[in-house]
Amino acid sequence: MFEARLAQSAILKKVLEAVKDLLTEATFECSDSGIQVQAMDNAHVSLVSLNLRSDGFDKYRCDRNLSMGMNIGTMTKILRCASSEDTVTLRAWDNPDNIIFIFESQNKEKLSEYEMKLINMDQEHLGIPETVYSCVVKMPSQEFARICKDLSQFGEAITIACSKEGIKFTAAGDYGNANIKLAQTAEADKEEEAVIIDMQEPVKLTFACRYLNSFVKATPLCAQVKLSMSGDVPLVCEYQIGDIGHIRYYLAPKIDD
Amino acid sequence: NKSQRGIESYFKVQ
């Protein structure tokens, strides 16, 4: 039997909102250590890696490893039926055809059950090598979302240049161009408002806006986002999910023809 | 001009 309970469904609602633009279906790998998802978008340009540790759940039981193929659109619809304060329980039996979502209101007077059919999926698992990145930038997630949205008006791609002076985002298009520079924070009153740059070597990479704008749907999950970059390798855009896990987005850079 | 490569050209299918 598999059973995982969160005291508040808000986290799971936000996770679904953070992946639904990129993924139509995904396999949820459930084991004793928690729930893991690794899936590429339809165009195989980006990769989503989600990790929810079992010790972050209020209750977690997984008697045997399960691979459950889920339709992300349906799952999003179901999670939208939960209030943020509802308790959510995921339940499946061994060799399941279905997964059950159970929402219980705070006053325990409303109990909702949604059963979703699982799908058989051919899954490709990609091996992500351990990488030491040339630049690792931590910045406010809302600021990153704002920059991606603003610069998307000027072009289809954003160039991110990171040096010890700061991080510069540039977009160029037919109507003009724009750039935004952020300096490393000298003194941040609040940790979550800080811009922190850990640079070994300067990096300049270009990424498609449409994927970055999908990644920033994870903004409600965490006040800070971590961007890890090295020359000619995919960007890692990471959001912590409370003390339960993280979501990482990998995006292949655009390269010169 | 820049072109887009796929993520699988960086990470091998296991």
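Structure values in brief
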item: Residue within the stretch A:124-138 that is surrounded by 12 or more Cβ atoms within 10 Å (Cβ to Cβ), over 24 Å from residue A:44 (Cβ atoms) and among the β-branched types (Val, Ile, Thr) present; result: yes
item: Test for residue A:180: is it in contact with a helix residue (DSSP H, G or I) (Cβ under 7 Å, 6 or more places away or on another chain), among the β-branched types (Val, Ile, Thr) and free of Cβ contacts under 8 Å to residues at least 60 places away in the same chain; result: yes
item: Residue within the stretch A:87-102 that is modelled with pLDDT of 95 or more and closer than 24 Å to residue A:212 by Cα present; result: no
item: Unique residue being in a strand (DSSP E or B), crowded, with 19+ Cβ neighbours inside 10 Å and within 14 Å of another protein chain (Cβ to nearest Cβ) when the list is A:167, A:158; result: A:158
item: Residue selected from the stretch A:90-142 under the condition acidic (Asp, Glu) and over 30 Å from residue A:59 (Cβ atoms), by the criterion nearest to the other protein chains (Cβ to nearest Cβ); result: A:124
item: Residue count, the stretch A:175-218 (criterion: farther than 15 Å from residue A:48 by Cα and away from chain B (no Cβ under 14 Å)); result: 29
item: Unmet requirement for residue A:191, which otherwise passes all of (1) farther than 21 Å from residue A:161 by Cα; (2) in contact with a Cys (Cβ under 9 Å, 6 or more places away or on another chain); (3) among the charged types (D, E, K, R); result: (2)
item: Search result, residues across the stretch A:219-247 that are within 14 Å of another protein chain (Cβ to nearest Cβ) and within 26 Å of residue A:84 (Cα to Cα); result: A:237
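Here is a yes/no grid of residues against (1) over 17 Å from the mean Cα position of the chain (by Cα); (2) over 26 Å from residue A:37 (Cβ atoms):
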{"site": "A:159", "(1), (2)": "yes, yes"}
{"site": "A:173", "(1), (2)": "yes, yes"}
{"site": "A:183", "(1), (2)": "yes, yes"}
{"site": "A:195", "(1), (2)": "yes, yes"}
{"site": "A:199", "(1), (2)": "yes, yes"}
{"site": "A:210", "(1), (2)": "no, no"}
{"site": "A:229", "(1), (2)": "no, no"}
{"site": "A:233", "(1), (2)": "yes, no"}
{"site": "A:245", "(1), (2)": "no, no"}
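The values are calculated or read from the model by the stated rules, or taken from the named source; none is laboratory data. Bear in mind the structure is a predicted one, so any value in this text is a computation, not a measurement. Methodologically, a virtual Cβ is constructed for each residue, glycine included, from the backbone with ideal geometry; neighbour enumeration extends over all protein chains shown.
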